[in-house]
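What follows is one structure encoded as structure tokens, with my remarks underneath.
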Protein chains: 4
Amino acid sequence: MSDALEQALEAAFAEATRRYKERGFQRRIGFGSKPALISVDLANAWTRPGNPFTCEHVDDQIIPSMQALLKSFRKYDFPVVHVTTCYQITDRKNSNTDMGLWHDKIPVDVVAQSNPELWAIDSRIAPIEGEQLLIKKRASSFHGTYLAGYLRAAGVDTILVTGVTASACVRETICDGLADGFRTIAVKEAIGDRVPGAVLWNLFDIDAKFGDVETTETCLKYLDRIGQAKLASEKLAA
Amino acid sequence: MSDALEQALEAAFAEATRRYKERGFQRRIGFGSKPALISVDLANAWTRPGNPFTCEHVDDQIIPSMQALLKSFRKYDFPVVHVTTCYQITDRKNSNTDMGLWHDKIPVDVVAQSNPELWAIDSRIAPIEGEQLLIKKRASSFHGTYLAGYLRAAGVDTILVTGVTASACVRETICDGLADGFRTIAVKEAIGDRVPGAVLWNLFDIDAKFGDVETTETCLKYLDRIGQAKLASEKLAA
Amino acid sequence: MSDALEQALEAAFAEATRRYKERGFQRRIGFGSKPALISVDLANAWTRPGNPFTCEHVDDQIIPSMQALLKSFRKYDFPVVHVTTCYQITDRKNSNTDMGLWHDKIPVDVVAQSNPELWAIDSRIAPIEGEQLLIKKRASSFHGTYLAGYLRAAGVDTILVTGVTASACVRETICDGLADGFRTIAVKEAIGDRVPGAVLWNLFDIDAKFGDVETTETCLKYLDRIGQAKLASEKLAA
Amino acid sequence: MSDALEQALEAAFAEATRRYKERGFQRRIGFGSKPALISVDLANAWTRPGNPFTCEHVDDQIIPSMQALLKSFRKYDFPVVHVTTCYQITDRKNSNTDMGLWHDKIPVDVVAQSNPELWAIDSRIAPIEGEQLLIKKRASSFHGTYLAGYLRAAGVDTILVTGVTASACVRETICDGLADGFRTIAVKEAIGDRVPGAVLWNLFDIDAKFGDVETTETCLKYLDRIGQAKLASEKLAA
């Protein structure tokens, strides 16, 4: 991202923040009592070079943040859902496709279900036993999936959302998560995109209206706090 | 089913029909202009002997009806969706399961995703290329799936619903299909269950309030009519 | 209901129960830790004489049960949602109607939003301040409404469902409630219908697969138990 | 908006467009055969001065565009849905509120259902008979409402979306509309916000991935074309 863009956006955010504060936006939703990690589209088509969906800052930011988060979620046995996207019918001329109309906007036709290598979760952060792999067809991890009902049944009240992209699947997942009644946290370093400025302006909008943007470090501290309490209570019950 | 039950139900339905007609229920929703076939849970755990989910009248009624319907849908190239059900986490003591709470009512824990033989569509009516296989987690084929959005994108306005069971997944699929804006047709011979009377009373409720119960023969005639018109219009366009 | 029907259904239920038990159905979902009362369509068009939607056993069973439940929910300050149904456009020839396609099956066109007397909650169990009135358009109280997201945000994990009818709006609300991750309880005496046998067979299906059918008395005992614990914990916190 | 911001964003969009084109994003979804107008939150709290929700460019851009669109939709009798937002329980300390958790981010607590003046549609573009007023609780006009099912039942395949704000309710409505299977068109001049740059970057993201951004003029030409065809076909049928 150019310095000019960064400076112009920071100036715009400063003015917007002034207005938002005055009017009562940008409130804090806060962390709740049982978190789940919702990791969106960190599959090879998005994390590895050479695909139309390839994103930036995967190796230096997203993967390290995700590895730290996974370590903590696994230590305390909080639910982890790995979300990915693929399609059974990828012929764009076939109106009977599970792509719906999305291929009329973006190249979802490249992610064929018949080629699992493309939509498999990146091996550096691959699911382990007990972690769900959820296949979605649209941007949001909630829309047209069983995610909300499953999280409620599991007693989850807070979702930490990571992955790509800030301007599509991550943002939609956060907006729907809030609408479905979950405290929504966007993990700053673990969210990426593929065009200049898109992470910045989308995280700004999200933090103003739909969820708290927090650093990986803040999230890890929260997980330790709530996780230690969980372990203590389980020890008492045993 | 015992004769006593059948006679008692027929008498109850006669009295109910009298009241419903008087009050304006039991109207006909009718067939629309573009149908899809939604075949619910006709997978081995439901269609073959020896499973808790095994249903009755599969071989003598449901499979023959489905074979006739599939032949017609394929002839005219109308969309077919094969719906099945399975779970990634089937340990009932694990609160973090995609079964949600349903295993607290019925034995969904027997249908593990890791055992595809159980949830594969019955080979006698197996999907062919271009037909979708949709995995659901709950009773309704619409709840927590992309089905409604996909059907709308495909221009479908009518769904013919088949499969098992009348008292659960078929009924829920029909109720949701209507609520989502589709003309809903329950194909009489192609719908089954596993306890006495359940098909009868559920089809009665459906026909009174949620969709038209029609015979396979009536459905085939409709498909021929609308299908021939489609072929003629495609010939003109070519 | 005729004796013959009741006897035939009881015999069918006995045989079905034998099969269901053998196969692992009819499990108990149980009561959770924070209940809400979802009261479905107990509005004048359904509870008072002379409307196509008028139901049976309103005065002698449903209203007394509801009054006892409301007293307890209000005593312990647990959430209550009164659900009703009405439409802005009730001309059946207008394809642009919020009735969707439902008027093609049942006489929803009689419940015009412009006539609030019809869809107002029965005055014997009317909402008080702090209790929501939710207007739905379809059978389920969850489908096309904000109910699931709101209940999740409120920390509710259990819904007690009452109202009419067993064969439509109550059953759909229970099925969707379970699918959305809530423990679902059907309150026996507080659920009605308008044709012979419909309450019996629908409660039987529900109890086998979608929620526990419990008496008002059992529900009141649960509410006292959980409510007293709530009051005690609030006293401690104060 | 400052010149520096506008120039920086235009440069960023140019670079993003280069990448998107190369990778197959920014495709055109196009207009379909039956449109509906979905007008989001053009109610007094958003369109008139002095409210935390007050937006910019209402009088000089949004209202004139909306008036032109309404004239055309009414001339050809295409469906119009006016969407607004309000709440029954606006006490932020009451966990049992239909605001869900949204008041933890933005000041939705100012829009009380008990004060209809706040959430009534702006009188300059008020609903006429036959146009629906839809009350939503979340950002998206689809999430937790009957909108998708109703539009499907009405045979709508294309939605023109207008209103406020670009960064919340309009964007969410467009993303969900596409996911639900509708061709989504964002009407450029009729979409507003309240902080600098937000309209620009949100319309850019939308056009890249979720719907076509089109001018009012282009939309009016489409409406004339499809509307004249409709009138001609109705004349033939009569």
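Just so you know, all these numbers are worked out from the coordinates, no wet-lab data involved. Fair warning: this is a prediction, and the values are worked out from it, not measured in the lab. Don't worry about glycine lacking a Cβ; one is built from the backbone with ideal geometry, like all the others, and counts go over all protein chains shown.
Over segment C:39-124, calculate the relative contact order: mean separation of alpha carbon pairs under 8 Å at least 6 apart, over the residue count, as a percent. Numbers along the way, then the final one.
Working: 99 pairs, mean separation 32.6, N = 86.
Contact order relative to length: 38 percent.
Distances from residue C:130 to the same position in the other copies: list them in nm, one decimal, shortest first, using label points 7 Å from Cα along Cα→Cβ.
Nearest first, the other copies' label points are 4.1, 4.6, 6.1 nm away.
For residue C:229 and residue B:7, FRET efficiency with R0 = 45 Å and r from the beta-carbon atoms, rounded to 0.05?
0.35
Report, in debye and to the nearest 20, how large the dipole of segment B:1-82 comes out about its Cα centre when Lys and Arg carry +1 and Asp and Glu carry -1 on their Cβ.
640 debye
Would you grab the residues whose amide H sits under 5 Å from the one on residue D:188? Only those 5+ places off in sequence or on another chain, please, with H modelled 1.01 Å from N.
For residue D:188, whose amide H was placed from the backbone, the distant partners under 5 Å are D:214, D:215, D:216.
Going by how many other beta carbons lie within 10 Å of each one, how would you line up D:213, A:108, fewest first?
Ordered from fewest to most neighbouring Cβ atoms within 10 Å, D:213, A:108 come out as D:213, A:108.
Given Cβ point charges of +1 (Lys, Arg) and -1 (Asp, Glu) and nothing else, what value in debye, to the nearest 20, does the dipole of segment C:1-144 about its Cα centre take?
700 debye
Classify the protein assembly as shown from the C-alpha gyration tensor, please: rounded if a/c falls under 1.5, else prolate or oblate depending on whether a/b exceeds b/c.
In terms of gyration-tensor shape, rounded.
Using a Förster radius of 60 Å, what is the FRET efficiency between residue B:236 and residue B:60 based on their Cβ-Cβ separation? Nearest 0.05, please.
According to the calculation, E is roughly 0.90.
Could you run the Karplus curve 6.51 cos²θ - 1.76 cosθ + 1.60 with θ = phi - 60° over segment B:71-83 and give me ³J(HN,Hα) per residue in whole Hz, x for Gly and Pro?
Calculated HN-Hα couplings, in order: 4, 6, 4, 6, 4, 9, 6, 8, x, 10, 10, 9, 9 Hz.
Sum -39500 (n - 2.57) across every DSSP H segment of at least 4 residues in chain B, then divide by the residue count to get the 222 nm mean residue ellipticity, nearest 500.
-12000 deg cm²/dmol
Cα centroid distance between segment A:162-210 and segment B:214-229, in Å?
48 Å
Considering only D:12, D:43, D:139, give the residue with the highest GNM mean-square fluctuation for chain D, with springs between Cα atoms whenever their separation is below 10 Å.
In this elastic network of chain D, the residue with the biggest mean-square fluctuation among D:12, D:43, D:139 is D:12.
Note down the relative contact order for chain B as a percent, whole number, built from C-alpha pairs under 8 angstrom at least six residues apart.
26 percent
Roughly what % of DSSP beta bridges within the protein assembly as shown run antiparallel, to the nearest 5?
Expressed as a percentage, antiparallel bridges in the protein assembly as shown total about 5.
Which Cβ of chain C lies nearest the axis of the rotation superposing C onto B, and at what whole-Å distance?
C:8, 2
Taking the beta-carbon count within 10 Å as an exposure proxy, list B:110, D:81 from fewest neighbours to most.
By the 10 Å Cβ count, ascending: B:110, D:81.
When chain A is modelled as a GNM with alpha-carbon springs shorter than 10 Å, which of A:142, A:13, A:53 fluctuates the most?
Highest fluctuation of the listed residues: A:13.
How do D:72, C:2, B:39, B:141 rank when sorted from fewest to most other Cβ atoms within 10 Å of their own Cβ? Mind dumping the intermediate values first?
Working: D:72 21, C:2 13, B:39 32, B:141 29.
So the residues, fewest neighbours to most, are C:2, D:72, B:141, B:39.
Run the reach check for residue B:221 against aspartates and glutamates, Cα to Cα strictly under 18 Å, same-chain hits fewer than 8 apart removed. What comes back?
The reachable aspartates and glutamates, counting only those whose Cα sits under 18 Å from residue B:221, are B:77, B:157, B:189, B:212.
Amide H neighbours of residue A:80 under 5 Å, counting only residues 5+ apart in sequence or on other chains, H built in-plane at 1.01 Å?
Result for residue A:80 returns A:37, A:132.
Kindly give the semi-axes, whole Å and largest first, of the ellipsoid equivalent to segment D:70-143, taking each as the square root of 5 times a Cα gyration tensor eigenvalue.
Semi-axes (√(5λ), whole Å): 29, 12, 9.
Name the residue, out of A:101, A:133, A:178, whose mean-square fluctuation peaks in a Gaussian network model built on chain A with Cα pairs under 10 Å.
With Cα springs under 10 Å in chain A, the top fluctuation among A:101, A:133, A:178 is at A:101.
May I ask for the distance between the Cα centers of segment D:96-132 and segment A:1-34, given as a whole number of Å?
Their Cα centres are 25 Å away from one another.
Measuring from a point 7 Å out along Cα→Cβ, what nm distances, shortest first, does residue D:19 have to its partners in the other copies?
2.7, 5.9, 6.5
Can you list, shortest first and in nm, the gaps between the label point of residue B:1 and those of its counterparts in the other copies, using a point 7 Å from Cα in the C-beta direction?
1.6, 6.5, 6.6
Evaluate the charge dipole of the protein assembly as shown about its Cα centre and quote only its size in Debye, nearest 20, assuming +1 on the Cβ of each Lys and Arg and -1 on the Cβ of each Asp and Glu.
Charge dipole of the protein assembly as shown: 0 debye, to the nearest 20.
Which shape class applies to segment A:181-238: rounded if a/c is under 1.5, otherwise prolate when a/b exceeds b/c and oblate if not, where a ≥ b ≥ c are the square roots of the Cα gyration tensor eigenvalues?
Prolate shape, in that a/c is at least 1.5 and a/b is the bigger ratio.
Using the basic label-point model (7 angstrom from Cα toward the beta carbon), what is the residue D:123 to residue B:112 distance in nanometres?
6.9 nm
Compute the normalised compactness of chain A: alpha-carbon radius of gyration over 2.2 N^0.38 Å, N being the residue count.
1.03
When DSSP beta bridges are limited to those with both residues in chain D, what percentage is antiparallel, rounded to the nearest 5?
Working: 1 of 26 bridges.
Counting only bridges with both partners in chain D, antiparallel ones make up about 5 percent.
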